[in-house]
Each structure stands twice: as structure tokens, then as C-alpha cells.
Amino acid sequence: MTERVGQLVVRAFEVLIVVCLAVMGILVFGNVILRYAFNSGIAVSEELSRLLFVWLIFLGSVLASAQRIHIGFDTLLHRVGPRWRRALVTFNASLILVGCVIFIVGGWSQVQVNLANSYPVLGISYAWLYAVALVFGVALIFPVCNNILSVFRGDREPLTLDLGQRIEGQIGRIEERQTAAHPPSGERPQ
């Protein structure tokens, strides 16, 4: 159940990131074409693109952490025993959780301060810009806590994956899906 909810949240973040990137691309490209071809432009293009870019970065950071594709320096973790590994991961996660609290508290205060201020062209509150800190702070708590739990359960799964490991994992998942969808002759799908 928990794993299914986690997969749905990850999928939602992926969709939001794709939508942000697509809208940004359309706005910026459309604005460039309009400026050079017709000497006009889309008024909201710059402000909305900037806002979407900020959301894209923060949502992408959470997604990278959840999928364990963020930059990590885990050389020391591979050289120490399980006890020190748990201690290092817990210490690191504690620092990140403190950062999450800072983002939540700071984001909340910035949202309150900027509720009355609005973008000149978009006309929406600047609180939308600072609300990403709240979403980031709350959302990052879950993958960080999952990392702590996995280390205490004794999982030997790396906390970061290099490119080769990610590619091999994707190939394995694709092969599993293909085998399940098209079993070798003589076998029936389950």
C-alpha cells in the first residue's frame, strides 16, 4: 500500500515536471517566434517561465532524491561497516531533515509576507513562488526517511545509483515487462 502511494506521488511529480517544462518551452519558443516574425510577444511568457522554472527545479530535486539519482558521495559508506554506515546515513539524513524544517518554516513565512504582492503581468500572488519551498520541504522528508529505514532494515541497496546501475536497472525492468507481456512459446502468462 505504502509503496503504491509512493509510486503514485513519484508519477505525479514526473507529470508536473513534464508539464512545467513543456509550458516553458512553448512559451519561450512562441515568444521568440512572435518577437522576430511579428514584432510582438506573449506578455506573461517571461514571468510564467521563471515561476515554472523554479517549481521545476525544486520538484526535480525531490524526484531525484526519491529515485536515488541525485549526486552523492558514498565512497566512505562503502568502506565502513554496517554500524558506521547506519550512523553516517542517520547523521546525513538528520542534517537534511533540519534543512527541510528550515524550508518549511521559511517558505511559510515568505508565503504569508508575499500574499498581498503580485506579479505585475501575471497578476497572481508572489506566494506561488515561495510556496514551492513548502512543497519541497514536506516532500523531501519522505525519501530521506525512507533512506534511514532502508539502512536500519539492513538493505545493501546503494543510496545513490551511478549511470551504469540506472541503465542496467531500466533494461532489467523493460525485459521483465516484455517477458510478462510476451512469454516464450509454450508458456501462458500468469
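The values are calculated or read from the model by the stated rules, or taken from the named source; none is laboratory data. Keep in mind it's a predicted model, so treat the numbers as computed, not measured. So basically every Cβ, Gly included, is an ideal-geometry build from the backbone, and we count neighbours across all protein chains shown. All accessible areas refer to the heavy atoms of the entire protein, side chains included, with ligands and DNA or RNA removed. Shrake-Rupley method; radii C 1.70, N 1.55, O 1.52, S 1.80 Å.
List of remarks:
- FRET efficiency, 1/(1 + (r/R0)^6) with R0 30 Å, evaluated for residue 29 and residue 168 via beta carbons: 0.25
- Per residue, the solvent-accessible area of the chain (1.4 Å probe, heavy atoms of protein chains only, all protein chains present) comes to 69 Å².
- Within the accessible area of the chain (1.4 Å probe), percent carbon and sulfur: 66 percent
- Our summary gives the stretch 42-138 a relative contact order of 34 percent, counting only alpha carbon pairs under 8 angstrom and 6 or more residues apart.
- Rounded to whole Å, sorted largest first: equivalent-ellipsoid semi-axes of the stretch 1-87, Cα gyration tensor: 41, 16, 8
- Computed over the chain: relative contact order in percent, which uses C-alpha pairs under 8 Å that are six or more apart: 21 percent
- Label point distance in nm, residue 150-residue 43, each placed 7 Å from Cα along Cα→Cβ: 4.8 nm
- Computed over the chain, Cα set: Rg, Dmax in Å: 21.6, 68
- Distance between the C-alpha centres of the stretch 107-155 and the stretch 52-70: 12 Å, rounded to the whole angstrom.
- The stretch 14-64: relative contact order in percent, alpha carbon pairs under 8 Å with at least 6 residues between: 47 percent
- Kyte-Doolittle mean at least -0.5, axial Cα span of 15 Å or more - DSSP H helices of the chain: 2-38, 45-66, 82-113, 127-153
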